[in-house]
Structure formats: C-alpha cells, structure tokens
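Before any comments, here is the structure.
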Ligand SMILES: [Zn+2]
C-alpha cells in the first residue's frame, strides 16, 4: 500500500499547508508540487517561491467508487460511498489532483470554480494527515 513515513511527511509540510509553488526563473511556468528541475522547460532549477491562491477550476474529474480508492481512504469509503476526485487547473497554471468536498458528487462539473481548503485526509501512525481538498468557490462565478 501507499505509505509515507512520518519524517518524509513532515518535510513536505510547507507545500501541504501553504500551497507553495515555485515559479521558474527561465520560462516563468509555475511548478506545483515543487520539483528539482522545471517540468515545463526541463532546463532550469532556479525558482522563486510563489504562494498559490488555491483557486482554480475543475479541469476534469472522476467519481471514485468502491474498490478504486487508495487504502488510506478506506474508512471514508465505508462511510460515504463514492466521492469525486478532480484535476483542478489552478489560477497560476499548474494542475493538481484533489478530492472534492462540500459538494454533491452529482453537482461537480467541468469548469466549475473551486478553491482549495485544508482538510484532514486520514490518520496513520497516530498522525493526522492534512492535505488539500477542493470546495466549490461560490464567489468565483
Ligand atoms: Zn521552466
């Protein structure tokens, strides 16, 4: 099963909690999550940190049903059945994958405005893992 050790997890806190991206100094593209080398021009490792707004729109989405979920979502599956996972195109350009929240799965549409919210995702080794989920951005219309 997918497993992230606790020390590894804590090292990724800044991006998980603040949604820090990195803007390539060469081509200007925004990388998120941060990479060693720009994934757009493949040539630059010079970046400036960029605080992402967390706002974007649904690029595409899938409904994850029984049997298709990673093990860390097993409890949630039992509680709630299928749930939507979206690929969101952020205002700054990068596409990120995240679970949708505060929305009826039937109401998720491509192109709908969303915003990232920090949510408890699952608990492992006694540590509550937080990450981003996307909720409808009602002001974004
Ligand atoms: Zn670049």
Restricting the stretch 103-119 to residues that are in contact with a strand residue (DSSP E or B) (Cβ under 6 Å, 6 or more places away or on another chain) and at pLDDT below 90, the residue that is farthest from residue 55 (Cα to Cα): 105
Qualifying residue in the stretch 65-74 (condition: surrounded by 13 or more Cβ atoms within 10 Å (Cβ to Cβ) and modelled with pLDDT of 80 or more): no
Number of the exception - residue 59 against (1) in contact with a helix residue (DSSP H, G or I) (Cβ under 6 Å, 6 or more places away or on another chain); (2) modelled with pLDDT of 90 or more: (1)
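Being crowded, with 18+ Cβ neighbours inside 10 Å and at pLDDT below 90 narrows it down to one residue among 19, 8, 1; which is it? Break it down into steps so the answer makes sense when it comes.
Values: 8 fails: crowded, with 18+ Cβ neighbours inside 10 Å; 1 fails: crowded, with 18+ Cβ neighbours inside 10 Å.
Result: 19 is the single residue among 19, 8, 1 that is crowded, with 18+ Cβ neighbours inside 10 Å and at pLDDT below 90.
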Total residues in the stretch 38-52, condition assigned to a loop (DSSP other than H, G, I, E, B) and either within 9 Å of the ligand (Cβ to nearest atom) or exposed (fewer than 13 other Cβ atoms within 10 Å of the Cβ) (or both): 9
Given (1) within 16 Å of the ligand (Cβ to nearest atom); (2) at pLDDT 90 or above, index of the condition residue 35 fails: (2)
Test: residue in the stretch 76-83 that is away from the ligand (no atom under 16 Å from the Cβ), at pLDDT 80 or above and either in contact with a strand residue (DSSP E or B) (Cβ under 6 Å, 6 or more places away or on another chain) or assigned to a strand (DSSP E or B) (or both): yes
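The values are calculated or read from the model by the stated rules, or taken from the named source; none is laboratory data. Because the structure is predicted, anything quoted here is derived from the model rather than measured. Here Cβ is always computed from backbone atoms with ideal geometry, including for glycine, and neighbour counts include all displayed protein chains.
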